Amino acid sequence: MSKLPDFISIIIPGYNEEKRIAQSLTALSAFCEARFETYEIVFVNDGSTDKTKEIVENLSTPYLRTIQLQSNQGKGFAVKTGMLQARGEYRFFTDADLPYDLHAISEAIRIFHTTQCDGVVGARDLPDSSDQSTQTAFRKLTSKAFSALVRVMLKVDAKDTQCGFKGFTAKAAEKIFSRSSLKGYAFDVELFLLARTSDLKICKVPVSLIEKHHSKVRLSLDAPMMFWDVVKLYRRRKA
């Protein structure tokens with residue numbers, strides 16, 4: 001298999017990931033080594049208080065760059081930091097446990113090469129997507145309620161704003177993330193709004209969710225904050 005010549009950046013935000021970060025970064029590195037001539041893995045350590053920092057520093061993973069945040073800022077801020085400091089012509093981000101089959105990266109690059117898309121977002125509702133996760137009924141209901149709120153209040157034409165796999169061209173990434181402001185989990189919604197106001201074309205890519213660990217989103221704490229962030233985006237849109 002010939003390697004793609006494009007310079008690829010993959011951003012991994014992480015907070016207290018000592019139990020899985022070594023395995024994830026090693027697997028991601030092996031995937032990239034086999035497929036890309038030039039790539040970088042950018043791990044953004046979001047103020048971890050466990051042994052994440054030491055574990056990552058001791059890895060011999062090639063082309064791994066680490067950005068250390070002094071305190072926990074939130075996933076949105078960590079992703080923004082990584083995307084703006086990345087050097088690749090195509091920049092992706094996904095979660096630290098690699099919940100999505102990595103072949104979505106190759107498919108996303110194919111879409112970039114064959115379309116005029118400025119960004120790609122994983123969409124679990126596409127026919128070629130699959131979901132092997134074990135979410136509780138309450139979590140699924142909360143997710144549907146959040147998606148409905150986003151569509152009604154913000155007119156975002158996407159059923160799956162919270163999919164943890166997204167990618168952008170360097171130009172689009174710099175245009176969007178230089179203006180993003182939400183630090184928490186609802187930051188994905190803001191990306192859609194910024195892409196729309198910037199006249200950027202966003203395409204969907206099928207993903208296979210192979211969730212290995214339970215989500216770190218704490219419904220009792222994070223869900224209210226996410227809903228409040230949507231309200232803030234709505235007010236900003238109306239201002």
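Values computed for the structure shown
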{"quantity": "Search result, residues across the stretch 1-36 that are of a type outside the set (Lys, Arg), in a loop (DSSP other than H, G, I, E, B) and at pLDDT 95 or above", "calculated": "15, 16, 17, 18"}
{"quantity": "Output for the stretch 159-199, where each listed residue is in a helix (DSSP H, G or I), of a type outside the set (D, E, K, R) and buried (at least 16 other Cβ atoms within 10 Å of the Cβ)", "calculated": "170, 172, 173, 176, 177, 187, 189, 191, 192, 193, 194, 195"}
{"quantity": "One residue from 168, 187, 177 being of a type in the set (Phe, Trp, Tyr) and within 20 Å of residue 225 (Cβ to Cβ)", "calculated": "187"}
{"quantity": "Flag for residue 54 being touching an Asp or Glu at 6+ places or on another chain (Cβ under 9 Å) and free of Cβ contacts under 8 Å to residues at least 12 places away in the same chain", "calculated": "yes"}
{"quantity": "Qualifying residue in the stretch 55-73 (condition: closer than 14 Å to residue 13 by Cβ and crowded, with 20+ Cβ neighbours inside 10 Å)", "calculated": "yes"}
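The values are calculated or read from the model by the stated rules, or taken from the named source; none is laboratory data. These numbers come from a predicted model, not from an experiment. Neighbour counts run over all protein chains shown; Cβ positions are idealised from the backbone, glycine included.
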